[in-house]
Amino acid sequence: MGGNMPAIFIDGPYSAPTEHFFDYEVGILIAAGIGVTPAASVLRSVYFRWLHGRDKLLTRKVYLFWVYRDIGTLEWFKDILVAVEEQGLGSVVEVHTYYTGEVPPSAKLENAPSNDKYGSHIVSASAGMTSYVGRPDFNNIFEAVGGLHPRTKVGTFFCGPKPMARKVRRLAHRWDKRLNKAAKTRLEFHSEVFF
């Protein structure tokens, strides 16, 4: 093997933000569109850890907030949601979905319960679930979750487009300061973005 060989440089490996999810007692997963893939992986891990050693699971509460445009996309996610419910993980995992597409004329649009902190209108979705209509109000989300978990370090994990990541990061930092001052709750933000 003689001759001049090109120099090759390797950069990495890089860890995924959700790699640190299980370092927190409370985790918030925020996903937009296909960004739900890492969140689905975390939910599957929570499910299997719950089945095989829940006493060793540091994470006590998981919130998923997923924004999507195609009402049919819930269908592929249905298996993990049904499994979570069947295993009694409903007290550990809360899933909130937000449909931002055009509401089909055949869909039944309803008001959310008046005490619902996460959205105002809901629509029946394809997987037998209901989704909020419109974008989530992250101010309400961070305030509500932070209020439920005083003196807790809350891992906040985002996967989605860069502009949304900037907005969510800015709000998470703002609420981290407010919640830390009021209740010693910390919001630690991690993100993975795509274009």
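The values are calculated or read from the model by the stated rules, or taken from the named source; none is laboratory data. Not measured: the values here are computed from a predicted model. Positions of Cβ are generated from backbone atoms using ideal geometry, with glycine treated the same way; all protein chains shown enter the neighbour counts. For the accessible areas, the whole protein counts, side chains as well, though only heavy atoms, and no ligand, DNA or RNA atoms are used. Shrake-Rupley method; radii C 1.70, N 1.55, O 1.52, S 1.80 Å.
Taking a cut-off of 30 Å between Cα atoms, list the lysines near Lys181, but don't count ones fewer than 8 places away on the same chain.
Excluding near neighbours in sequence, the set is Lys61, Lys117, Lys153, Lys162, Lys167.
So in the chain, what percent of DSSP beta bridges are antiparallel if you round to the nearest 5?
The antiparallel fraction comes to roughly 15 percent.
Would you work out which of Val26, His52, Pro38 lies farthest towards the positive end of the dipole of the range 7-62, given +1 charges on the beta-carbon of Lys and Arg and -1 on that of Asp and Glu, about the Cα centre?
About the Cα centre, the residue reaching furthest to the positive side is His52.
What do you get for the angle between helix 138-148 and the principal long axis of the chain? Use alpha-carbon atoms, 0 to 90 degrees, nearest ten.
Relative to the chain, helix 138-148 is tipped by roughly 80 degrees.
Using modelled amide H (1.01 Å from N, peptide plane; none on Pro or chain starts), what sits under 5 Å from the amide H of Glu192, excluding residues fewer than 5 places away?
Amide H neighbours of Glu192, under 5 Å, 5+ apart: Phe158, Cys159, Gly160.
Per residue of the range 65-81, what does 6.51 cos²θ - 1.76 cosθ + 1.60 with θ = phi - 60° give for ³J(HN,Hα)? Whole Hz please, x for Gly and Pro, Karplus curve as stated.
Result, ordered by residue: 10, 10, 9, 9, 9, 9, 4, x, 5, 5, 4, 6, 8, 4, 4, 6, 5 Hz.
For the range 1-133, with only Lys/Arg (+1) and Asp/Glu (-1) charged at the beta-carbon, what is the dipole magnitude about the Cα centre, in debye rounded to 20?
Using Cβ point charges on Lys, Arg, Asp and Glu, the range 1-133 gives about 180 debye.
Which whole-Hz couplings ³J(HN,Hα) result when phi for each residue of the range 153-162 is put into the Karplus expression 6.51 cos²θ - 1.76 cosθ + 1.60, θ = phi - 60°, listed in order with x for Gly and Pro?
Once rounded to whole Hz, the list reads 8, 9, x, 10, 10, 10, 9, x, x, 4.
What are the extents of the Cα atoms of the range 31-84 along their three principal axes, listed from largest to smallest and rounded to whole Å?
Extents along the principal axes, in whole Å: 38, 17, 14.
Treat the range 48-195 as a sphere of radius equal to its Kirkwood radius over Cα pairs and apply Stokes-Einstein at 37 °C in a medium of 0.692 mPa s; give the translational diffusion coefficient in µm²/s, rounded to a whole number.
196
Find the accessible area per residue for the range 111-195; the probe is 1.4 Å, ligands and nucleic acids are left out, and the unit is Å².
Result: 56 Å² of accessible area for each residue.
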